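The values are calculated or read from the model by the stated rules, or taken from the named source; none is laboratory data. Since the structure is predicted, the reported quantities are computational estimates derived from the model, not experimental observations. Note: ideal-geometry Cβ built from the backbone for every residue, glycine included; neighbour counts use all protein chains shown.
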Amino acid sequence: CRYVTIDENHGKKLYYYYVLSERNPSQDPVVLWLNGGPGCSSFDGFVYEHGPFNFEKTGSLPKLHLNPYTWTKVSNIIYLDSPAGVGMSYSGNKSDYITMDTKTALDSHKFLLEWFKLYPEYLSNPFFIAGESYAGVYVPMLSYEVMKERSRNPVFDNPLGLDAGDKPTLNFKEVTKECQGTYYSPANDDCESNLAKVDQIRLGNTNLPLSFRKLGETERPLPVRTRMFGRAWPFRAPVKAGYVPTWPELLNSAENVPCTDDEVATVWLNNEAVRSALHADPISVAGNWELCTDKIRYYHDAGSMIKYHQNLTARGYRALIYSGDHDMCVPFTGSEAWTRSLGYAVTDEWRNWQVDGQVSGFVQGYDNGLTFLTVKGSGHTVPEYKPKEALAFYTRWLEGMKI
């Protein structure tokens, strides 16, 4: 773990944490992992999803335990904080915190070129790019840059999937009427009051459907936060061309998404001794670590990602698109629809896939190496909700096996 400088004049540095595979680092795939936002650190994936450790709350620094379902069981993973201003990454020139899709892709590509100069022994390993949520933009755009540079390598893509929630006792017609679809920036007191009621409801309520009451149950031995609730992405607010607000902006500078707890990562990554051990610059230089920052101003300038997927898959680059079937942030139905809209012939008809003899979701395969998969009972951050199942489909897909 260290920095890669991608602009000497500006002092623009991207931070990464590289974890070796527990199996065979010299032969196993190298996977670049990107969290979304925009503005969210890839330590989200490291700490809460598929990193090598489970983090136990202790009241001070967390106690670390080995994660039996880490994705580093079968792959080397680069956790990259991108763009500059996110996580541990920063720039000496604050103008770099105004950025966009195309700039982020170019910067991440430059990072990869520099990283492989540092570690040329991995040039012959299979290389994949993975991410979630807004990384559904980062991944195909960066993959396209990599394709132009290194067309022989496969591309891994899993955009879009996270938090879920339901509100059983509230009059939703009243909420909809008062808020008019603006749930993150309430326009009046009645809307704000109703949303406060939403945030007070807990999943223990027995009026909820069974699937939602079970949401968040996990075989993870030390679950560290609750992410089965919270409001979805703003109603009828798709990502459009132009400015894209960060999560803190959407939440009006609230500390975090309702009913989530990111204390473990925040305490750990803002401890100066930990930062020194991780070769991260001190807070006085790089700033406080935040799960999702409002330090950047981000613009969507790349349009639809469908053209990128068409270009990549048509050239033989495999792609896996997965979604939790209880994802209320980016519902799986949208991902299912856009993958189908590519018009590729179905090569593996819609069917269930299993882990330990239990149905874990559904999958459909298409021509040109495109696969769409759902994960039963999972919200947006699939490896957090369903760690065993996530490792299973990840392993099978990386190895080219039938899921």
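Being part of a loop (DSSP other than H, G, I, E, B) and at negative phi is the filter here, so list the residues in region 264-285 that pass it.
N270, N271, L278, A280, D281, P282
Test R351 against the criterion of being outside any helix (DSSP H, G or I) and out of contact with any helix residue (DSSP H, G or I) (no Cβ under 9 Å at 6 or more places or on another chain), and give yes or no.
yes
Just to be sure before I move on: is L80 surrounded by fewer than 24 Cβ atoms within 10 Å (Cβ to Cβ), of a type in the set (A, V, I, L, M, F, W, C), out of contact with any Pro (no Cβ under 8 Å at 6 or more places or on another chain) and under 15 Å from L278 (Cα atoms) in the structure I sent?
Spelling it out, it is not the case that L80 is surrounded by fewer than 24 Cβ atoms within 10 Å (Cβ to Cβ), of a type in the set (A, V, I, L, M, F, W, C), out of contact with any Pro (no Cβ under 8 Å at 6 or more places or on another chain) and under 15 Å from L278 (Cα atoms).
Scan region 337-350 and give yes if some residue there is in contact (Cβ under 8 Å) with a residue 40 or more places away in the chain and among the aromatic types (F, W, Y), otherwise no.
No.
Just checking, how many residues over region 123-137 are more than 28 Å from V267 (Cα to Cα), touching a strand residue (DSSP E or B) at 6+ places or on another chain (Cβ under 8 Å) and in a helix (DSSP H, G or I)?
Of the residues in that region, 1 qualify.
Tell me which residues, restricted to region 84-104, are among the polar types (S, T, N, Q) and not in a helix (DSSP H, G or I).
S89, S91, N93, T99
Evaluate region 105-122: report whether one residue or more is closer than 30 Å to V355 by Cβ, assigned by TED's automatic domain parsing to the domain that holds V375 and either assigned to a helix (DSSP H, G or I) or free of Cβ contacts under 8 Å to residues at least 24 places away in the same chain (or both).
Yes.
Which condition number in (1) surrounded by 16 or more Cβ atoms within 10 Å (Cβ to Cβ); (2) touching a residue at least 24 places away in the same chain (Cβ under 8 Å) is the one that G365 fails?
That leaves (2) as the condition not met.
If I go through region 372-386 residue by residue, how many of them are surrounded by fewer than 22 Cβ atoms within 10 Å (Cβ to Cβ) and assigned to a strand (DSSP E or B)?
Total satisfying the criteria: 0.
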